[in-house]
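Scroll down for the structure; my scribbles are underneath it.
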Amino acid sequence: MIGILSNRSFAALFAAQVVALLGTGLLTVALGLLAYDLAGDRAGAVLGTALTIKMVAYVGLSPIAQALVQRLPRRAVLVAADLIRAAVALCLPFVTEIWQVYALIFVLQAASATFTPAFQATIPDILPDEADYTRALSLSRLAYDLENLLSPALAGLLLTVLSYNALFLGTVLGFAVSAALIARTALPPAGGEVAQRPFRERLTRGTRIYLATPRLRGLLSLNLAASAAGAFVLVNTVVVVRGVYGGSESDLAVAMAAFGAGSMAGALMLPRLLDRLDDRPVMLGGAQALVALTLGLAATVWAAGWPAWPIFLALWALFGLAYACVLTPSGRLLRRSAHQQDRPAVFAAQFALSHACWLVTYPLAGWAGAALGMVPTLALLSGLALLGVGAARRLWPADTPRSLPHEHPDLPPDHPHLRAHGGRRHAHPFVIDDEHRVWPTHG
């Protein structure tokens, strides 16, 4: 897996991702402390609102941002988004009102909604070999999990000698270093064909391709399953650890580390697993495991109470493992489902639609947990995850070949596509584009 870092362009982008993630982790800690300074006991409500603003920005702005920047050089877009995020982080230590926090978070997340899909769509262009790209996805998953472990530890270390405002400067540094690394990296140009289309078509193109492709409709359903189980872990672990087990803040860190360790184990295992198996059984297996874990935990707690602490940690590690099996291969499906020039739009559609799932499951996990208790919440979320698995199995057929036979009765006989593939009826790896607007269901 480490061998792909010999690709200098990917190594620079991966380093940029790592330092930006560390900066984001410091921002999370600092923002919590800032919210407490401004709102006291209402800090949780402030952070909840900030999280909702983040998700709304991701869902609403990502396709718009991608349509707007398609005419611009890819490297300039990434560097500008990083610099905007750095500028926002630099402003945060000076805020005095809660509304200012909300406004700055919206701007920061709007920049992230521009940066992340464009960044993700660049990697398959740098690593055209699918095996290399799979290893890059696993490294990216590892980077996210390590950030969840290292950023709180680094923040705690810095807070022993500095005020929390210094953490914002660490965030600024992370985004600035990321921008510098990207600015020095040679990136392949994005396809210029799509950039010449009208804005309305650029705005909807990624979502149209996404929703017209069966494996991506299945991916959206699997995103729902992963977010349903993941939301319980991310929202309610603190409630369970502190309220049920009477644990300390260190115990909470251990529980989240168990989830992260399981996810990292999945990321390390997946490249070899995906060399032998298709994406569908791996991803469906992970989603079905999430349903079984969530439903099994609900039944256990209802019948016998919460398990012993070591068993709880083992369960959280299994949650992390199954979660990684669902999410890590998703980039492979996106790469396979669009031409190079359409990938930024398709990655933006995935970014928006997957976060729409979280926009539903985050508040559901929190509100149901507070109003109904943990067992009904687990049952409710497991039902939602099961719905996602069932939809994925139906929407993403198991026996779909990569090369699909189809006809083009609407194209003139001398069309370049017909000449390239030997006639009006032919077969090739199928993606939705200008010549293929509907997925063939009967050949």
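Results, tabulated for the structure shown:
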| item | result |
| --- | --- |
| All positions within the stretch 210-258 that are of a type in the set (V, I, T) and either under 28 Å from A348 (Cα atoms) or not assigned by TED's automatic domain parsing to the domain that holds L327 (or both) | T213, V233, V235 |
| Any hit, the stretch 97-110, residues being farther than 23 Å from A11 by Cβ, part of a loop (DSSP other than H, G, I, E, B) and at pLDDT 85 or above | yes |
| Extreme residue, surrounded by the most Cβ atoms within 10 Å (Cβ to Cβ), among residues of the stretch 409-433 that are in a loop (DSSP other than H, G, I, E, B) and either in contact with a His (Cβ under 7 Å, 6 or more places away or on another chain) or of a type in the set (G, A, S) (or both) | F430 |
| Residue list for the stretch 111-155, filter: part of a helix (DSSP H, G or I) and free of Cβ contacts under 8 Å to residues at least 24 places away in the same chain | A153 |
| Cβ-Cβ under 6 Å pairs, at least 6 apart or on other chains, the stretch 294-323 side under 15 Å from M264 (Cβ atoms), far side β-branched (V, I, T) and crowded, with 19+ Cβ neighbours inside 10 Å | F319/V233 |
| Some residue of the stretch 16-29 being of a type in the set (V, I, T), at pLDDT 80 or above and within 24 Å of T134 (Cβ to Cβ) | yes |
| Evaluation of R197 against (1) surrounded by fewer than 20 Cβ atoms within 10 Å (Cβ to Cβ); (2) within 22 Å of the chain's Cα centre (by Cα) (one fails), failing number | (2) |
| Checklist (1) more than 30 Å from D132 (Cα to Cα); (2) free of Cβ contacts under 8 Å to residues at least 60 places away in the same chain; (3) under 17 Å from the mean Cα position of the chain (by Cα) applied to Y362, failing item | (2) |
| Answer from W439, W367 - the residue that is surrounded by fewer than 17 Cβ atoms within 10 Å (Cβ to Cβ), modelled with pLDDT of 80 or more and assigned to a loop (DSSP other than H, G, I, E, B) | W439 |
| Criterion (of a type in the set (A, V, I, L, M) and in contact with a Lys or Arg (Cβ under 9 Å, 6 or more places away or on another chain)) met by exactly one of L284, L315, L234 | L284 |
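Residues checked against (1) at pLDDT 95 or above; (2) more than 30 Å from the chain's Cα centre (by Cα); (3) within 25 Å of T400 (Cα to Cα):
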position: D278; (1), (2), (3): no, no, yes
position: G285; (1), (2), (3): yes, no, yes
position: A289; (1), (2), (3): yes, no, yes
position: A292; (1), (2), (3): yes, no, no
position: G305; (1), (2), (3): no, yes, no
position: L315; (1), (2), (3): yes, no, no
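The values are calculated or read from the model by the stated rules, or taken from the named source; none is laboratory data. Predicted model only: the values in this text are computed from it and were never measured. Glycine gets a Cβ as well: all are built from the backbone with ideal geometry, and neighbour counts include every protein chain shown.
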